[in-house]
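For reference, the structure is listed below as structure tokens.
The values are calculated or read from the model by the stated rules, or taken from the named source; none is laboratory data. Just so it is clear, the model here is predicted, and its values are computed rather than measured. No Cβ is skipped: glycine too gets one built from the backbone with ideal geometry, and neighbour counts run over all protein chains shown.
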């Protein structure tokens, strides 16, 4: 749990700081003009690249999981929990 | 055996019972009835849009009435009550208490829904499920609009009463030996979603009251002619109804947490991360409401804040998906109907979430605002994730409720057709949105791409319609004449079946 919290905190910092930085970077002084429209499109393309990559990996993993760990797979073996008869579930 | 349907009891005994499984059964039957009523309206809408021009609906106002009641019915009268059905059935058993904390309040919360539903259906309002002001104030015909407002008011009170009951049952009535960390994830999902309801619904209750007084001409909160602002209504509405999405999706994920470990024959990979993700989702659900309103002239900073707030839901959603994948890993998965619905639900949850990430980014949001992309996106959530999770769980609890097994082949056909139909309708609607077709339109120009994609979506909807008829036949036939279930292991998983059957609380 502590590791998860730590990981989430790091990810949040990595995402939030650059984004907020972009949002507020445009100062009033001459020469500090920042084209927010370009930045936001840039952010969008980066996010979509991440979303599609992660999507492909997760979808592929799920399809493989369903094929490999199906009950009828030749290599399927009883799980260690079947002997106890308690799968727990969310309980 | 104590069974609701197998053991004959007079209907009135179930109807006027305050026992949690009886109330749960009433919720279930009513929500399924409304699923078919709302679904029939969806088929009507899709049939109308098969070709450009008026086909079977006389005019645009009738069309508006149909999709208003379709949306209102499926959200408030199917999705919410079906989650309550599962919660009523299992939460007291999971926390090892004899009933809900306030059984009479529980029955009252249920019995507020039929009058609310009747007001919505008898009125048949035409201002969309968002009750779009200023139209809803100035020119939406009464009494339909007023009936809708009163109907929603009643349903809102019912939701709040139900939420209070779940929170008190879980936090105060759980067995003394059970720590809060030991409470099962399904019950945690109801705790999280009930907390959201308590915070979110009062805002909409206030907005409805303001809408009503505006309609009566007493006030002008949202009426520009009287100095009001329709955008203020948008804020109030979405402050409630963006979190409401999570109120619906969190219990559906909780249901998947019940099904996936058992059919994978493994315990859940990480219960603590599931709890953490539920709580996190409940919190961040309030940080994203204004992403529905990027096009209303918000400042860049506001838009950025709500974009980040929306994206904050991604890590929590990712934790759930990771948990499911890691649970299935190294398992011995039995692909029976409930498991198929759950896996289909996760796959579509992921697709819907990816669309949500794109929506949250304001550049694309401006392109897709009020187009069919939005329709495809939220339907992929409500149908692809929430309804899939719920229907899977209905199959899962079927032997527990009736003592009989449903027909497995029919269940699988139901899933396959629904999965194909859902992809055909809602993926196509995303593309249709990118082609620029606005949502909520009765007629459209005969642009070849628009016509073709509308026809694909309509065919998909008809496939879903056929699958739902199979579902209905399966439910009715199997509850009366299905094979008696092995009540301790109806799915042949070799382990114990969720909760010991003997744990079912006696009727009172």
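With (1) more than 19 Å from residue B:268 (Cα to Cα); (2) at pLDDT 85 or above; (3) facing another protein chain (nearest Cβ under 7 Å) as the list, and residue A:48 as the residue in question, which single condition is left unmet?
Result: residue A:48 passes all but (2).
Does the stretch B:318-335 contain at least one residue that is part of a helix (DSSP H, G or I), within 9 Å of another protein chain (Cβ to nearest Cβ) and touching a strand residue (DSSP E or B) at 6+ places or on another chain (Cβ under 9 Å)?
No, the conditions are met nowhere in the stretch B:318-335.
Restricting to the stretch B:134-146, name every residue that is surrounded by fewer than 19 Cβ atoms within 10 Å (Cβ to Cβ) and either in contact with a helix residue (DSSP H, G or I) (Cβ under 7 Å, 6 or more places away or on another chain) or closer than 19 Å to residue B:118 by Cβ (or both).
Within the stretch B:134-146, B:141, B:142, B:143, B:146 meet the criteria.
Which residues, taken from the stretch B:291-302, are surrounded by 20 or more Cβ atoms within 10 Å (Cβ to Cβ) and over 21 Å from the mean Cα position of the chain (by Cα)?
Hit for the stretch B:291-302 is B:294, nothing else.
Which of the residues spanning the stretch B:182-223 are assigned to a helix (DSSP H, G or I) and on the phi > 0 side of the Ramachandran plot?
Scanning the stretch B:182-223 gives no hits.
Return the residues of the stretch B:262-279 that are out of contact with any strand residue (DSSP E or B) (no Cβ under 6 Å at 6 or more places or on another chain), facing chain A (nearest Cβ under 8 Å) and part of a helix (DSSP H, G or I); say none if nothing qualifies.
Passing the criteria: B:262, B:271, B:272, B:273, B:274, B:276.
Tell me which of these residue B:160 doesn't satisfy, since it passes every other one: (1) within 30 Å of residue B:262 (Cβ to Cβ); (2) outside any loop (DSSP other than H, G, I, E, B).
Failed condition: (1).
Please work out which one of (1) in contact with a helix residue (DSSP H, G or I) (Cβ under 8 Å, 6 or more places away or on another chain); (2) modelled with pLDDT under 85 is the condition residue A:31 fails and give its number.
(1)
State whether the residues of the stretch B:476-483 include one that is buried (at least 17 other Cβ atoms within 10 Å of the Cβ) and not in a helix (DSSP H, G or I).
Checked against the condition, which is being buried (at least 17 other Cβ atoms within 10 Å of the Cβ) and not in a helix (DSSP H, G or I), the stretch B:476-483 yields at least one hit.
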